[in-house]
Amino acid sequence: MPPQPAVSINQIKSGDPFVLQTVEDKFIQVSDAGVRARLIHEYKTIRNSVGNLANWQSCRILDFGCGQGIAAASFAIRHSQSQVYGADVVTPSNNYIAQLFGRQLDLAVPANLEINLMTAGSLPPHIRNIDLAYAWSVFEHINFTDLTTHMKLVYERLNANGVFFLQIKPLYYSPQGSHLYRYDGTPWVHLLVQHDALKAIVEASPAANSETRAREWHQYETLNRATADDIVAAAIAAQFKVHTELRRTTQLIPCQRLTRTFTLEALTTEEIQLVLCK
């Protein structure tokens with residue numbers, strides 16, 4: 001019989017502060033910075049932004065565009081009396097969370113976590129009456145003409161007091177808006193370099209294998225180029241009310257070649273965070 005995890009789901013359900021701190025300590029020790037950010041930074045940002053608009057003790061939570069389900073699992077393990085759903089158009093790996101939690105973190109896989117495959121513009125019918133939905137760097141990957149439709153989809157699955165947290169970073173016209181910074185970190189490189197020249201930079205880079213390069217180039221080509229204003233407009237069109245709005249800007253100064261073509265606000269706004277209510 002394989003060894004049992006050092007921290008079980010029953011221990012977490014007990015609410016023992018020592019046990020919960022043990023979980024947080026394990027998250028901090030994760031070596032992969034990207035995974036660690038999804039476990040800690042993403043959760044804390046949403047928790048602090050939403051505050052008491054959600055009942056964190058007993059909540060139906062939706063991670064819209066959950067990827068592998070890392071952040072959704074972190075919500076589930078911290079809030080064991082809540083039900084957490086993840087949904088993504090990419091087929092989830094059934095083994096990924098089990099390996100991350102069981103092998104790397106020595107934690108029980110959250111029993112209150114459910115990861116679902118969704119089709120574009122649709123959610124499984126049982127995911128409804130949601131108290132809190134969130135989308136972390138998801139809506140820049142949705143077709144521009146479908147932004148309001150997808151926000152409306154989330155709106156319809158929330159209960160009467162439901163809250164939707166939406167975050168995008170980096171926005172397309174900001175310095176790292178191409179999402180290709182591992183290949184060339186030059187600010188605004190995607191707005192300054194010809195399309196074919198940028199593709200050549202990516203294809204020649206030793207920063208990733210060919211499969212990753214191809215996937216991330218496709219991701220770049222399909223970015224919808226929405227600005228922060230576009231995202232707010234789509235949310236309002238979907239009938240959401242903006243409870244809070246946060247925009248973060250870069251201290252970098254774009255060159256005149258860029259400011260002759262694009263607005264300074266679009267070029268310097270790196271991130272938008274919205275807390276949306278019905």
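Selection of the stretch 46-60 for residues being over 19 Å from the mean Cα position of the chain (by Cα) and in a helix (DSSP H, G or I) yields 52, 53.
The set of residues in the stretch 262-278 being touching a residue at least 40 places away in the same chain (Cβ under 8 Å) and either surrounded by 20 or more Cβ atoms within 10 Å (Cβ to Cβ) or over 24 Å from residue 131 (Cα atoms) (or both) consists of 262, 266, 267, 268, 269, 270, 271, 272, 274, 275, 276. Residue 258 meets the conditions (1) within 22 Å of residue 174 (Cα to Cα); (2) within 23 Å of the chain's Cα centre (by Cα); (3) not basic (Lys, Arg) in every case but one. The failed one is (2). Restricting the stretch 110-122 to residues that are crowded, with 16+ Cβ neighbours inside 10 Å and touching a residue at least 40 places away in the same chain (Cβ under 8 Å) leaves a set whose member that is nearest to residue 60 (Cα to Cα) is 113.
Selection of the stretch 131-181 for residues being within 17 Å of the chain's Cα centre (by Cα) and aromatic (Phe, Trp, Tyr) yields 134, 136, 139, 164, 165, 172. The residues of the stretch 83-109 that are modelled with pLDDT of 95 or more and buried (at least 21 other Cβ atoms within 10 Å of the Cβ), listed by number, are 84, 85, 86, 87. Looking only at residues that are hydrophobic (A, V, I, L, M, F, W, C) and surrounded by fewer than 19 Cβ atoms within 10 Å (Cβ to Cβ) in the stretch 233-257, which one is nearest to residue 190 (Cα to Cα)? The residue in question is 255. Here 276, 267 are screened, and the one residue that is in a helix (DSSP H, G or I) and either in contact with a Lys or Arg (Cβ under 9 Å, 6 or more places away or on another chain) or under 27 Å from residue 45 (Cβ atoms) (or both) is 267.
Residues of the stretch 104-122 that are touching a helix residue (DSSP H, G or I) at 6+ places or on another chain (Cβ under 6 Å), part of a loop (DSSP other than H, G, I, E, B) and among the hydrophobic types (A, V, I, L, M, F, W, C): 105, 108, 109, 111. The residue that is nearest to residue 131 (Cα to Cα), among those in the stretch 36-46 that are surrounded by fewer than 17 Cβ atoms within 10 Å (Cβ to Cβ) and in contact with a Phe, Trp or Tyr (Cβ under 9 Å, 6 or more places away or on another chain), is 40.
The values are calculated or read from the model by the stated rules, or taken from the named source; none is laboratory data. The shown structure was predicted, so the numbers you read here are calculated from the model rather than taken from an experiment. Ideal geometry is used to build each Cβ from the backbone, glycine not excepted, and the neighbour counts take in all protein chains shown.
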